[in-house]
Amino acid sequence: MLLELSHIYKTYHQDQLDVPVLKDVSLQVEKGDYLAIMGPSGSGKSTLMNLIGCLDRPTSGAYRLDGADLLSLSDNALSEIRCHKIGFVFQSFQLLPGETALQNVMLPLSFAGVRRSDRAEIAKRALERVGLGDRLDFLPTQLSGGQKQRVAIARALVNDPEIVLADEPTGALDQKSGAAVMDLFEQLNAEGVTLIVITHDANVGSRARKILHIVDGEILEHKEAPQAAEEKGDEPA
């Protein structure tokens, strides 16, 4: 099992009050999975994403990634996990505006300690993988929204992470560009990339192979997406 959350609770303390956000959440992700975590605003899906991405710690519960007990690790060790094992894709792209596509994708390589002489070639291959081999020297202002998100996906992939974690990856895109990004995710998953997508959009969620529904901090449903069931010859759930 690549990733396993067991009986996760997350409570925030605000104005001397305890505010429970996640309540007894358990889930498993195997290598090569494509999971959509779906829920409305305020459902706890963003908090769950932050916990999976090692950006926050639960109040209680257990989290194992690739066999390691992450909750026993120091903040510095968790930073290393984020750098090497988790790639992030954000709704707002989060590209550096004064850097080219190539330079933006090279950035995680510097944090990972990759030799300077190797960074450009590795980043170039990542951009070619997402169909942007002809946009290496373009600034974000010279790219469309869909192309910016492809740069962000290349940046997420460049350190060959165990998991790519995408937060509302089509939220800032028009319908055509969003569909192209989801096509790319399907292609990457077919190549063996493990994907977890956080979304409120049923169209985005339906492209995954497994769907987890979260409401008011609790998992209500965990099932295969219709297309995955059809590929196995089963009736859609």
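The values are calculated or read from the model by the stated rules, or taken from the named source; none is laboratory data. In this text the structure is predicted, and so the values were computed from the model without any measurement. Cβ coordinates were reconstructed from backbone atoms using ideal geometry, including for glycine residues, and neighbour counts include every protein chain displayed. We work out accessible area using only protein heavy atoms, side chains counted, and drop any ligands, DNA or RNA first. Shrake-Rupley method; radii C 1.70, N 1.55, O 1.52, S 1.80 Å.
The figures follow:
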item: 0 to 90° range, to nearest 10: angle between helix 75-85 axis and the chain longest Cα axis; result: 60 degrees
item: Mean residue ellipticity (222 nm) of the chain, computed from DSSP H runs ≥ 4 via -39,500 (n - 2.57), nearest 500; result: -10500 deg cm²/dmol
item: Degrees separating the helix 116-129 axis from the principal Cα axis of the chain, which is the longest one; result: 70 degrees
item: Whole-angstrom gap from the stretch 126-144 to the stretch 1-64, using each part's C-alpha centre; result: 33 Å
item: Per DSSP, loop GluC sites (Glu not before Pro) in the stretch 144-217 with at most 16 further Cβ within 10 Å; result: E191
item: The stretch 1-123, dipole about Cα centre (Lys/Arg Cβ +1, Asp/Glu Cβ -1), debye to the nearest 20; result: 180 debye
item: Taking the chain and dividing mean pair separation by its residue count, relative contact order in percent (alpha carbons under 8 Å, at least six apart); result: 26 percent
item: Principal-axis tilt of helix 145-157 within the chain, Cα atoms, nearest 10 degrees; result: 80 degrees
item: The stretch 123-173: translational diffusion in µm²/s, Stokes-Einstein, Kirkwood Rh over Cα pairs, 37 °C, 0.692 mPa s; result: 289 µm²/s
item: ³J(HN,Hα), Karplus 6.51/-1.76/1.60, whole Hz, each residue of the stretch 55-62, x for Gly, Pro; result: 8, 8, 10, x, 5, 7, x, 9
item: I211 long-range amide H proximity, modeled H, under 5 Å; result: A36, K223, E224, A225
item: Normalised contact order of the stretch 43-146, rounded percent, pairs of Cα under 8 Å and 6 or more residues apart; result: 22 percent
item: Those GluC sites (Glu not before Pro) in the stretch 61-150 that DSSP places in a loop and that have at most 15 other beta carbons within 10 Å; result: E99
item: Cut-off under 5 Å, modelled amide H: who pairs with K31 long-range; result: L2
item: Choice from H13, H200, H213 showing the highest fluctuation, given a GNM over the chain with Cα pairs closer than 10 Å; result: H13
item: If the convex hull is drawn through the Cα atoms of the chain, its volume per residue in Å³; result: 138 Å³
item: Shape call, the stretch 19-98: gyration tensor on alpha carbons, a/c limit 1.5; result: rounded
item: Estimated vicinal HN-Hα couplings, Hz - the stretch 176-187 in sequence order (Karplus 6.51, -1.76, 1.60; Gly, Pro = x); result: 5, 5, x, 5, 5, 5, 5, 4, 5, 4, 4, 4
item: Solvent exposure ordering (accessible area, 1.4 Å, most first) of L3, L55; result: L55, L3
item: Accessible surface, per residue, of the chain when the full set of protein chains is kept, probe 1.4 Å, Å²; result: 49 Å²
